1. If a residue must be among the aliphatic types (A, V, I, L, M), farther than 13 Å from ALA132 by Cα and either in contact with a Phe, Trp or Tyr (Cβ under 9 Å, 6 or more places away or on another chain) or at pLDDT 90 or above (or both), how many such residues does segment 82-93 contain?
2. Residues that are within 29 Å of the chain's Cα centre (by Cα) and not β-branched (Val, Ile, Thr): list the strands (runs of 3 or more DSSP E) wholly contained in segment 288-353 that include at least 3 such residues.
3. Quick one: GLU310 ticks every box in (1) within 30 Å of MET460 (Cα to Cα); (2) open to solvent by 10 Å² or more (accessible area, probe 1.4 Å); (3) charged (D, E, K, R) except a single one, so which number is it?
4. Scan GLU438, GLU464 and give me the residue that is more than 29 Å from GLN291 (Cα to Cα), surrounded by fewer than 21 Cβ atoms within 10 Å (Cβ to Cβ) and of a type in the set (Asp, Glu).
5. Touching a residue at least 24 places away in the same chain (Cβ under 8 Å), in contact with a helix residue (DSSP H, G or I) (Cβ under 6 Å, 6 or more places away or on another chain) and β-branched (Val, Ile, Thr): does that describe ILE353?
6. Touching a helix residue (DSSP H, G or I) at 6+ places or on another chain (Cβ under 9 Å), surrounded by fewer than 23 Cβ atoms within 10 Å (Cβ to Cβ), closer than 22 Å to MET389 by Cα and of a type in the set (Asp, Glu), is that true of GLU245?
7. Among the residues of segment 216-240, what is the count of those that are assigned to a helix (DSSP H, G or I) and either exposed (fewer than 13 other Cβ atoms within 10 Å of the Cβ) or touching a Cys at 6+ places or on another chain (Cβ under 8 Å) (or both)?
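The values are calculated or read from the model by the stated rules, or taken from the named source; none is laboratory data. What you see is a predicted model, and the numbers here were worked out from it, not measured in a lab. Quick reminder, even Gly has a Cβ in these numbers, built from the backbone with ideal geometry, and neighbours come from all protein chains shown. Areas reflect the complete protein model, heavy atoms only, side chains present, ligands, DNA and RNA absent. Shrake-Rupley method; radii C 1.70, N 1.55, O 1.52, S 1.80 Å.
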Amino acid sequence: AWMTYWSKQFSEKDAQTPVSLRVMGRLVVQVSALADIKQLLKARPDPLERTRGFYVATQGTNHPGLFNANGAQWKRQRRIYAPAFNAKNVEGMLETIVSKANALVTALGQQEEVPVRQWFQYFTTDVICEVAFGLRFNCLDSSGGDEASIRSRTILKNMTEMFDEVKLRVENPLAMRSLSLPIWIQNLFSVNRKRNEMMKKLNQYMSDVASDRLHFLKKNPSDAKRDLLDQAILSALNEPEPVQEEKLVQMLASNIFTFFVAGSETTANTLAFLFYYLAQHPHWQDAARQQAQQLHCAANRAAPTAKDYEQMSVVKACVIETMRLHPVVPFLGSELSREGFRFQGMEMPKGTILVGMVREANTNPHRLEDPMAWKPERWLVNSDPASTMIDPNAADRLGIMPDLAFGYGPRVCPGKRLAELELLVLTTKLLCEFRKVESLPSQAGMRLDEGFTLSAWPTMRFGEGKDDYQELNLAFKP
């Protein structure tokens with residue numbers, strides 16, 4: 001919030017001029033112009049790296065993962081994992097995504113009030129665990145009684161609590177800085193003690209999964225599944241310079257954590273924002289439902305393909321507009337790792353923090369009419385709600401980049417295709433199976449707001465106090 005405030009207060013005219021601040025003695029440069037943000041993101045991973053503060057705040061395992069590694073360590077992991085996210089492999093995940101979407105339909109049909117963020121996270125967790133690690137977590141088991149479901153919801157609960165601890169650490173700079181110190185100093189802070197206890201349990205679970213799969217594939221390489229973990233193990237075993245087994249297990253465990261977080265939290269939050277807006281805009285909900293029914297509910301047709309979902313223009317426009325207004329990552333920060341980097345005609349000292357303001361880049365009032373309004377028509381041909389085609393030139397025409405939260409350049413999120421497919425599949429499926437999605441009368445008069453841990457999530461605020469909010473709940477009418 002404070003970064004947004006200073007960006008708007010001290011930038012000239014359209015908030016596109018970089019803002020320089022001193023924060024605890026360090027130079028922080030906030031950038032809101034899209035072209036400038038893209039220039040910075042292309043300068044990753046060298047000389048711009050993940051910030052040390054970001055690494056400490058998100059540190060989950062004993063080894064950096066693809067999400068927070070830097071330098072040669074990141075390059076090697078990217079090389080190992082990138083092939084697993086190619087278009088063919090993602091299309092191969094469609095069957096699992098549809099299966100989990102059907103399970104969510106069943107679960108929601110049994111409820112009058114749905115805490116959407118929670119149930120969307122069950123969906124995304126079940127998807128990512130199966131396609132990434134070959135594990136059936138069964139979060140969507142509506143009875144919640146089988147062993148896998150109980151275990152998975154316990155792990156998910158631990159993860160959610162850990163996200164809350166991340167938020168508290170970010171709000172407490174001393175606690176966050178202490179994480180780079182010996183464990184006994186870390187544990188002087190109660191927030192760190194809770195975090196370390198949870199991470200010990202999660203690390204053990206993830207390391208066991210990684211170690212078991214590694215040993216199995218060393219003996220049975222021909223039995224590898226198509227999930228990301230097996231593909232990454234095979235890729236690592238075929239590296240010109242093989243990774244030492246202990247380090248490989250640590251790397252795999254760290255990325256189980258990375259994909260679990262990135263693959264469940266962020267997509268679930270986007271879905272929650274999306275269905276809030278569909279409930280608020282019934283004419284768009286009806287238009288998207290009509291398109292969804294043509295795809296999903298038509299008799300005597302083959303199962304939809306990934307390409308079919310890509311052509312859902314109205315659904316896609318609603319998704320894109322939601323990502324523009326509510327990027328799950330509102331800002332992208334990097335730290336300058338060496339001297340000599342020039343930006344905006346100035347030479348920046350080593351250690352400078354450069355922050356790309358994602359939301360500000362996509363809500364510039366000098367480029368967009370009514371930038372804070374949810375208007376899917378921006379993305380359709382001729383801005384026509386009746387159009388059945390996405391305008392491929394809309395982003396350039398509007399001078400914005402709605403999917404900027406996925407990153408840009410070398411460190412763009414490798415799971416972008418998977419996340420987009422999940423969004424399209426589940427949205428079309430829910431709209432087809434439920435005749436109406438509505439807001440609850442009990443939340444009438446409340447305003448939409450955001451909470452933030454590792455990503456932004458929707459809340460319904462009824463006052464200005466710190467705790468004056470509720471989780472977003474919606475009604476799905478069969």
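1. Going residue by residue through segment 82-93, those that are among the aliphatic types (A, V, I, L, M) are 82, 84, 87, 90, 93.
Right, trim to farther than 13 Å from ALA132 by Cα and you get 87.
Within this subset, residues satisfying the condition of being either in contact with a Phe, Trp or Tyr (Cβ under 9 Å, 6 or more places away or on another chain) or at pLDDT 90 or above (or both) are none.
So the count comes out to 0.
2. Working: elements: 331-336, 341-343, 346-348.
Filter on segment 288-353 gives 331-336.
3. GLU310 satisfies every listed condition except (1).
4. Details: GLU438 fails: more than 29 Å from GLN291 (Cα to Cα).
Exactly one residue qualifies, and that residue is GLU464.
5. On the way: touching a residue at least 24 places away in the same chain (Cβ under 8 Å): yes; in contact with a helix residue (DSSP H, G or I) (Cβ under 6 Å, 6 or more places away or on another chain): no; β-branched (Val, Ile, Thr): yes.
Taking the combined requirement at face value, the residue does not satisfy it.
6. Numbers: touching a helix residue (DSSP H, G or I) at 6+ places or on another chain (Cβ under 9 Å): yes; surrounded by fewer than 23 Cβ atoms within 10 Å (Cβ to Cβ): yes; closer than 22 Å to MET389 by Cα: no; of a type in the set (Asp, Glu): yes.
No.
7. Going through segment 216-240, the residues assigned to a helix (DSSP H, G or I) turn out to be 216-219, 221-223, 228-237.
Right, trim to either exposed (fewer than 13 other Cβ atoms within 10 Å of the Cβ) or touching a Cys at 6+ places or on another chain (Cβ under 8 Å) (or both) and you get 218-219, 222-223.
Selection size over segment 216-240: 4.
The rows are residues; the columns are (1) touching a helix residue (DSSP H, G or I) at 6+ places or on another chain (Cβ under 7 Å); (2) assigned to a helix (DSSP H, G or I); (3) at pLDDT below 85; (4) open to solvent by 30 Å² or more (accessible area, probe 1.4 Å).
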{"position": "ASN68", "(1), (2), (3), (4)": "yes, no, yes, no"}
{"position": "ARG79", "(1), (2), (3), (4)": "no, yes, no, yes"}
{"position": "GLN110", "(1), (2), (3), (4)": "no, no, no, yes"}
{"position": "PHE123", "(1), (2), (3), (4)": "yes, yes, no, no"}
{"position": "ALA132", "(1), (2), (3), (4)": "yes, yes, no, no"}
{"position": "PHE137", "(1), (2), (3), (4)": "yes, no, yes, no"}
